[in-house]
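J.: Before I ask anything, let me first share the structure, which is written out below as C-alpha cells.
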Amino acid sequence: MGRKAVLVFILFLIVSGIFFMLPDTYFTAKESDYRPLFVIMEKAGAAVTGGELHYWASLKEVGSGEFTLQDLETIADELAVKLAGLGVEESGKAPVKEGMHLLVQREGRLFCGADMKLLLQPVEGEGERTVHLLLILSGEPGSLAELAARVPALLAANTVGGTMSFCLSGEIDREMKTDEMEELARLLVREIGGTYGQGICDGQMVSVTGYYPGLGPYFQAGRERLNLNIALRGNDLAGNTRIWAGTPLISGWY
C-alpha cells in the first residue's frame, strides 16, 4: 500500500473519532446537496480540478474473536461485490499491510471514470474488536455527487455509524499571499450565506470552517455547528493558488 493511502487512513481514524465521540452530532438521511461547494469554486474564480468522496463506518456483527487476515479478506470480497452496484468497470486486490496495523485494501475503477479504494482495518478498544471501513471515491466531481446517496444505501446492511465527506479541489490562476487567502476564505463563507466558525494559518496554508444550512449534515463543536471547510495554499512553483472546499470537513490532506 502506498504511503498516501496509509496517511489517508490514519486521517480517517482521527476524523472519524471526532464524529463518533461528539455527543451532539447530527446527520440527515436525505441526500446532501453539494452545489454550494461548486458555487464557492465559482466565486473564488477557481477551475475545479477534481473531487473526493469519503465514507467511513464500523462493520456490524463481525464476531468477538481475533481478526485474521483471511477474515478481513473475506469481508472485503463481500463488500466489493456489493459495491459493484456503483458500476465497477474493473477491480483488484492491493498489497496487504500486516502486523500491528493490519490493512486490507480493494481497488477499482467505476464506469463513470472515478477511482475506488476500499480499506478495512481491525481496531481493538475497551475489550471489543471492531473493523473500520473507509471507502474513497475520487474523480469527476459531478459524478461523485450523484453517487453520494447510493454509497450508504449499498453498505447499510453491513455498517453502523456511517459518515460521509465530500470535497472539491481547484486552482486559482495567481499566487496569493497568506492574508489574501484568509480574507478570501472568510469572504467565500459569507458569499454563500454561511456563518464563519474558526480559522488557522500555517505558513502558506489557510483553513477555515463554517456552517451553511443548505449543506445538511453537520457536527457540533461546543455551541457551533460546522459543516463547511475551505482551505487555500500558495503554490510558488506553479505560480498559482490551490483551493479546497469540503463538507463537513475536507477529505484527505491539503
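J.: Between V160 and R174, what length in nm is gained on full extension when 0.36 nm per residue of separation is reduced by their alpha carbon distance?
T.: 0.7 nm is the gain from fully extending V160 to R174.
J.: Right, something else. Using +1 at the C-beta of Lys and Arg and -1 at the C-beta of Asp and Glu, which of L215, L137, A157 has the Cα lying farthest in the positive direction of the dipole of region 136-239?
T.: Highest projection toward the positive end goes to A157.
J.: Near C201, within a Cβ-to-Cβ distance under 13 Å, what is the net charge of the other residues, with Lys and Arg +1 and Asp and Glu -1?
T.: After counting each charged neighbour, the total is -2.
Each value in this text was obtained by applying a stated rule to the coordinates, not by laboratory testing. Worth saying up front: this structure is predicted, and the values here are computed from it rather than measured. Because the Cβ atoms are built from the backbone with ideal geometry, glycine has one as well, and the counts that use them run over all protein chains shown.
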